[in-house]
Amino acid sequence: MKATEAKTRLYHGLRRLPPQVVLLATFACFYFAIGPGNFFAVDEVMQEETAQALILRHAIDIPVMVDARFGRGGNWYTVKGPGLPMVSLPFVYLGLKLDDAVGSMNGGQLAGPPIGPPEQPLRWSGRLALSAALIVNALAGGAIVAVLFMVGAQLSPKPRAALLMATAAGLATLIMSEATHFYQHELDALMVLLAFWFFSVKTPRELSSSSVLGGASLGVAILARPDAVPAAVIIWLYGAAVAWKMVRELPDRSARMIRRTILAAMGPIGAVAGSMYFNYLRFGSVTQFGYWEDRARFVLDVPQIAKAIAGYLFSPALSVFVFAPPLILIFIVGRKAYRRWPLETTTLTLAAIAHLLMIASNKTWSGDLSYGPRYMLESIVLLMPLTLPAFEMAVDRAPRRATIAVAALMFIGFMVQLIGVSVYVAAIEVKRMAAGVVANNAWVFVPSVSPIVSDLEDLMSRQHLSPWAIRALAIPDMALLLLIVLVTIVLFGARRAFQYFRAPEAGPVNLNSRALPMIIVVAAVVPIVIGLAISRPLNEAPGVHGHSLLSAGLEAQSAGHMVSAEEDYAMVLSLYPSNKFAWFDMGVLEQDAGRLNDAILLYQGALREDPNFAPPKNNLEYIMRTRFGFPSLHPH
């Protein structure tokens, strides 16, 4: 009887959850369930490795890899900003604990097989720390959907339309595919949208707290992506305009505006200070950013900017209307949106355009290897609320063709995103190279190498399939249980969302509660503050640092923490590629894990540095004799 009563209370408790919370949990679980479970690019690896270094060493040095930057103390560092690595600290910590607890040197169905780049022998894929890091963007994607619903409910008296608009954004735009990877754009887009929501404050009583939280949101966005600054400035000015409209009739309006300005500026100022300190940690200079290559420069090149804008509007590979079809509705209802919400519509449009111009000024404006316009995710998210009048017409079925148009665009967008999450993103690069269209972003305007066409070809031929769910179903292990749990949550959440859609008046009435947005901001800000606080510059000589890393690796290996040991040995080889002990010790790890081919290469690396080094020679002989049947090199 007690068990039955407990289940009943739990069920009714879940039914009382606000729809925004249901949306966040449902979409986050959905995104994680359809994701790859691992990384496809070193850009993702650099972020996770930075978080891992902070946890293990209170430093931010990472193993050498493509696009890593040589900096302080002769070490290598990420080219990216500090936002995403530090926000992900709790999740990477969880993943490291899982790696130590269950061991993942051999990978698994969730994290995939152990693979890595050719620059060094470390194998990132296969680690649960990577899988855990992907939870961050799954949550960020779910949070975007939830906040879009809250923005829509704030603008429109029809919560059903707000729910449908947010659902369309989560299923039929780039939010979906980007939530399955570990790039900064999802976090950036979430925090800019969240700042817009906070700055849309309705009462003077909430002005101070909303200013702090909105400014903090913009600060996190800037730490995630420095190119968020133009849109952040416009959103910040929007907050000032809203505040002035609210207090202009009050006798203490000047004092209130000064206080609001100071509070709202704290977040962006803190972000600038945090970025400068991060630069100091990496390069010993607060003004030295990681983007010093010519290809990463911002230039005022009108032909390039025009080409980039054309690419993001009309090309088959990058058009925001191809990868986010619901945005097409703006051309139909944009004027209506402006008449109803002139300030909000102007703000969101200008912020989206400012972001577009910022990206178009970058020499690598296309984003190189990506599924669609990743760099424009922020603009896509900001523009979605402007489609709200179309969703109002759709839910009212007035006219009926509005419902048909919305349904058609949602279906097309979902299919585009489904193709994107089904195939390993890096597979497209081989086809672009074969077509000779990699240079100067030429691939952007070539339909045959559009990510949609390329991935659809691979999907039809069942090649390069990436979702970890496929691996879990093919070869069941604990990942299958996780998949079942995620699917259960998604089905329950979808049912609750549908119930709310059918009868919103029966659901929770406070759709503008600040509890969830505040939790999101705190969850982002706290680990950033902790990460910056525990970071230390590496001032010791490379020899001293290398020796401490080698000792830490031996200690971790003795304690059975093989993944941490592998990381330490890789760091040694980044500093001293000729260190025979690191080659040998990593070879032992690979041999113990059963990855004999990798072990052979590592032992050969040790012997290349010292042909008379006996331990790798003996282990290599043992592998050759027992695994491949070669006779002993030293018969007795």
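Where a number appears in this text, it was derived from the coordinates with a stated rule and is not lab data. Just so it is clear, the structure is predicted and the values come from calculations on it, not from any experiment. All Cβ positions, even for glycine, are placed from backbone atoms using ideal geometry, and neighbour counts span all protein chains on display.
Treating region 320-371 as a set of equal point scatterers at the Cα positions, no solvent, please give the Debye-formula log₁₀ I(q)/I(0) at q = 0.16, 0.20, 0.30 Å⁻¹.
Scattering profile of region 320-371, log10 relative to I(0): -0.62, -0.85, -1.14.
Relative contact order for region 542-583: what percent, with Cα pairs under 8 Å and sequence separation of 6 or more?
Contact order relative to length: 38 percent.
At 7 Å along the Cα-to-beta-carbon direction for both TYR291 and LEU94, put a label point, then send me their distance in nm to one decimal.
So the two model labels end up 3.1 nm from each other.
So for region 208-259, taking the charge dipole from beta-carbon charges (+1 Lys/Arg, -1 Asp/Glu), which of SER254, SER209, VAL220 sits furthest toward the positive end?
Going by the charge dipole, the pick is SER254.
What is the gain in length, in nm to one decimal, between GLN463 and ILE332 on full extension, counting 0.36 nm per residue of separation less the C-alpha to C-alpha distance?
In short, 43.2 nm is gained.
Rounded to the nearest 0.05, what FRET efficiency is calculated for ILE484 and ILE115 with R0 set to 30 Å and r the Cβ-Cβ distance?
After rounding, the FRET efficiency stands at 0.65.
Skipping prolines and chain starts, which residues have an amide H placed within reach, meaning under 5 Å, of the one on VAL423, given they are 5 or more residues away or on another chain?
Result for VAL423 returns SER466.
Straight distance only, please: which aspartates and glutamates reach the Cα of LYS336 with their own Cα at less than 12 Å, same-chain residues fewer than 8 apart left out?
The qualifying aspartates and glutamates are GLU392.
By per-residue mean of other Cβ atoms within 10 Å, what is the highest-first order of 208-214, 443-449?
Taking the mean over residues of other Cβ atoms within 10 Å, the ranking is 208-214, 443-449.
With the dipole of region 483-636 worked out from charges on the C-beta (+1 for Lys and Arg, -1 for Asp and Glu) around the Cα centre, which of ASN597, ALA515, GLY546 lies farthest toward the positive end?
ALA515
How many percent of all Cα-Cα pairs in region 192-337 sit more than 19 Å apart?
For region 192-337, the share of Cα pairs beyond 19 Å comes to 66 percent.
So how do 160-172, 343-355, 182-194 stack up, highest first, on mean other-Cβ count within 10 Å?
On the way: 160-172: 25.9, 343-355: 20.8, 182-194: 28.7.
Going by the mean number of other Cβ atoms within 10 Å, highest first, we get 182-194, 160-172, 343-355.
Say R0 is 41 Å: what FRET efficiency, to the nearest 0.05, do LYS202 and PHE298 get from their beta-carbon distance? If you can, show how the numbers build up before the last one.
On the way: r = 38 Å, r/R0 = 0.92.
Once rounded, the FRET efficiency stands at 0.65.
Can you compute the modelled spin-label distance between GLU505 and THR261, with each label point 7 Å from Cα toward Cβ, in nm?
For the pair GLU505/THR261, the computed spacing is 4.7 nm.
Only Cα pairs under 8 Å and at least 6 apart count here; give the relative contact order of the chain as a rounded whole percent. Kindly include the intermediate steps, with their values, before the conclusion.
Numbers: 1093 pairs, mean separation 126.4, N = 636.
Here the relative contact order equals 20 percent.
Label points 7 Å out from Cα along the Cβ direction at PHE314 and VAL544: separation in nm?
Each label point is offset 7 Å from its Cα along the Cβ direction, giving 6.1 nm.
Distance from the Cα centre of region 157-210 to that of region 400-455, in angstrom?
When both Cα centres are located, 24 Å separates them.
If you plug each phi of region 397-402 into the Karplus form 6.51 cos²θ - 1.76 cosθ + 1.60 with θ = phi - 60°, what whole-Hz ³J(HN,Hα) values come out, in order, with x for Gly and Pro?
Whole-Hz 3J(HN,Hα) from phi for region 397-402: 6, 9, x, 5, 5, 5.
Order the peptides 582-588, 516-522, 367-373 from the highest to the lowest mean number of other Cβ atoms within 10 Å of their residues.
Taking the mean over residues of other Cβ atoms within 10 Å, the ranking is 582-588, 367-373, 516-522.
Which of rounded, prolate or oblate describes region 409-509 when judged by the alpha-carbon gyration tensor and an a/c cut-off of 1.5?
oblate
Could you tell me the extents of region 289-354's C-alpha atoms along the three principal axes, largest first, rounded to whole Å?
45, 28, 22
Between rounded, prolate and oblate, where does region 32-77 land on the alpha carbon gyration tensor, with a ≥ b ≥ c its root eigenvalues, rounded for a/c under 1.5, else prolate if a/b exceeds b/c?
oblate
So what's the back-of-envelope 222 nm ellipticity for the chain, counting only DSSP H runs of four-plus at -39500 (n - 2.57) apiece and dividing by all residues, rounded to 500?
-21500 deg cm²/dmol, from helical runs alone.
Stretch SER448-LEU17 to full length: gain in nm at 0.36 nm per residue minus the Cα-Cα span? Show your work: numbers first, answer last.
Details: separation 431, 0.36 × 431 = 155.16 nm, distance 4.63 nm.
Stretched out fully, the SER448 to LEU17 stretch lengthens by 150.5 nm.
FRET efficiency for ALA241 and VAL529, Cβ-Cβ distance as r, R0 = 30 Å, nearest 0.05? Could you put the intermediate results ahead of the total?
Working: r = 30 Å, r/R0 = 0.99.
For ALA241 and VAL529, the calculated efficiency is 0.50.
Amide H neighbours of GLY112 under 5 Å, counting only residues 5+ apart in sequence or on other chains, H built in-plane at 1.01 Å?
Here nothing satisfies the definition.
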